[in-house]
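The values are calculated or read from the model by the stated rules, or taken from the named source; none is laboratory data. Since we're looking at a predicted model, the values are computed, not measured. When we count neighbours, we look across all protein chains shown, and the Cβ atoms used for this are built from the backbone with ideal geometry, even at glycine.
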Amino acid sequence: MKDLRIVFMGTPDFAVPIFEALKENYNVVAVVTQPDKKQGRKQILTPSPIKKASALYNVPILQPVKIKEEYQEVLDYKPDMIITCAYGQIIPKELLDYPKYKCINVHASLLPKLRGGAPIHHAIMDGYDKTGVTIMYMSPKMDAGDIISSCETKITKEDTLGSLHDRLSEMGKNLLLETLPNIISGNINPIKQAESEVTYGYNITKEDEKIDFTKSNVEVDNKVRALNPTPGAYTTINGKRLKVYDVRLGERFYANTKPGTIVGFEKDGISVVAGTTEVILTEIALEGKKRCLVKDYLNGVDKKELLGVVLR
């Protein structure tokens, strides 16, 4: 298997354990990742997590701006297999058709559910009770290839984007190592995806990050957990942005109170109307301030001034 020439294509943290396990067990001849991007307030040019990881192994790194136009350098490595994981660009047909063992993808959902670039966020945000990892053959259509293998995990009420991300990344690593020998030996029975069961988990937009308090407290909780630790769900209070990192469900009903209204205080948080029930904000970050527990935030404010304020 060390003679098998593999090109790995990936970009974010999620792909790092998968790449590292692959490199330790197989012959990864090159890594393809997204170009360095400017990040943070100072707009510092920053390499992707996969670029950082592959540099430690002295693996050649390719960073095409548009892989659809700049694929020849990948072909020059004569890959027997191309493995992708959250790469971030559509792979051209020239690459899909080249390798002996084809192109496979490690995707963080139970396909055909949640095709797209943010399946982990949407699994929590959309209220799924389970998700998983799928290894599939790649096709020209996004995440639509035949399924080779999969594994699943329950989504608990305590799961956040961070916890589910890390669990699925580890599962993806293990599933890939289990599946590759079967692909190479031909001991697989790929299954076509049922188009009637397709759902999507598209990339998160700024609008997706905003809390809608007309939704139920359960839906607000799902959104907050789906965006914790980053980018964080947000609302506004008195014209200032308020990031919300943790909430818990309340039990009181407020059928005639405007959603988003602050209606009371608990030892650990601020009670806000969500739909016709309440949700209690327990961890926040006010614009320009650090993330903190609400019980600490309340020590420095006049609760009377907050009561009746509407979060928008």
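Wholly within segment 57-146, which strands (runs of 3 or more DSSP E) include no fewer than the required count, namely at least 1 residues that are polar (S, T, N, Q), assigned by TED's automatic domain parsing to the domain that holds residue 180 and closer than 20 Å to residue 163 by Cα? It would help to see each step written out before you state the result.
Details: elements: 81-85, 103-107, 130-137.
Fully inside segment 57-146 and qualifying: 130-137.
Quickly run through segment 90-116 and pick out the residues that are surrounded by 16 or more Cβ atoms within 10 Å (Cβ to Cβ) and under 18 Å from the mean Cα position of the chain (by Cα). If the condition is that a residue be surrounded by 16 or more Cβ atoms within 10 Å (Cβ to Cβ) and under 18 Å from the mean Cα position of the chain (by Cα), then 105, 106, 107, 108, 109, 110, 111, 112, 113, 114, 115, 116 are the ones that fit. Looking for something in a loop (DSSP other than H, G, I, E, B) and assigned by TED's automatic domain parsing to the domain that holds residue 107 - is there at least one such residue anywhere in segment 20-27? Scanning segment 20-27, I find at least one residue that is in a loop (DSSP other than H, G, I, E, B) and assigned by TED's automatic domain parsing to the domain that holds residue 107, so the answer is yes.
Table: residues versus (1) over 27 Å from residue 80 (Cβ atoms); (2) crowded, with 21+ Cβ neighbours inside 10 Å; (3) without any contact (Cβ under 8 Å) to a residue 12 or more places away in the chain.
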residue	(1), (2), (3)
161	yes, yes, no
166	yes, no, yes
173	no, yes, no
177	no, no, no
199	yes, no, no
228	yes, yes, no
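Inside segment 56-72, residues that are surrounded by 14 or more Cβ atoms within 10 Å (Cβ to Cβ) and without any contact (Cβ under 8 Å) to a residue 24 or more places away in the chain make up a count of 1.
Of the residues making up segment 271-289, those that are within 30 Å of residue 41 (Cα to Cα) and out of contact with any Asp or Glu (no Cβ under 9 Å at 6 or more places or on another chain) are 285, 286, 287, 288, 289.
No other residue among 86, 53 is in contact with an Asp or Glu (Cβ under 7 Å, 6 or more places away or on another chain), over 20 Å from residue 196 (Cβ atoms) and buried (at least 20 other Cβ atoms within 10 Å of the Cβ) apart from 53.
Confirm whether residue 137 is under 21 Å from the mean Cα position of the chain (by Cα), aromatic (Phe, Trp, Tyr), within 22 Å of residue 50 (Cβ to Cβ) and surrounded by fewer than 21 Cβ atoms within 10 Å (Cβ to Cβ). Even if it seems obvious, please write down each step before you answer.
Details: under 21 Å from the mean Cα position of the chain (by Cα): yes; aromatic (Phe, Trp, Tyr): yes; within 22 Å of residue 50 (Cβ to Cβ): yes; surrounded by fewer than 21 Cβ atoms within 10 Å (Cβ to Cβ): yes.
When the stated conditions are applied, residue 137 passes them.
Take segment 1-37 and flag every residue that is under 20 Å from residue 230 (Cβ atoms), touching a residue at least 60 places away in the same chain (Cβ under 8 Å) and not small (Gly, Ala, Ser).
Going residue by residue through segment 1-37, those that are under 20 Å from residue 230 (Cβ atoms) are 10-17, 33-34, 36-37.
Next cut, touching a residue at least 60 places away in the same chain (Cβ under 8 Å) only: 10-17.
Of everything in segment 1-37, those that are under 20 Å from residue 230 (Cβ atoms), touching a residue at least 60 places away in the same chain (Cβ under 8 Å) and not small (Gly, Ala, Ser) turn out to be 11, 12, 13, 14, 16, 17.
Within segment 230-250, residues that are touching a residue at least 24 places away in the same chain (Cβ under 8 Å) reach partners that are among the aromatic types (Phe, Trp, Tyr) and assigned to a strand (DSSP E or B) with beta carbons closer than 7 Å, at six or more positions or on different chains, in the pairs 232/245; 241/234; 242/234; 243/234; 244/234. Annotation note: of 264, 260, 300, 250, the sole residue that is exposed (fewer than 14 other Cβ atoms within 10 Å of the Cβ) and not aromatic (Phe, Trp, Tyr) is 300.
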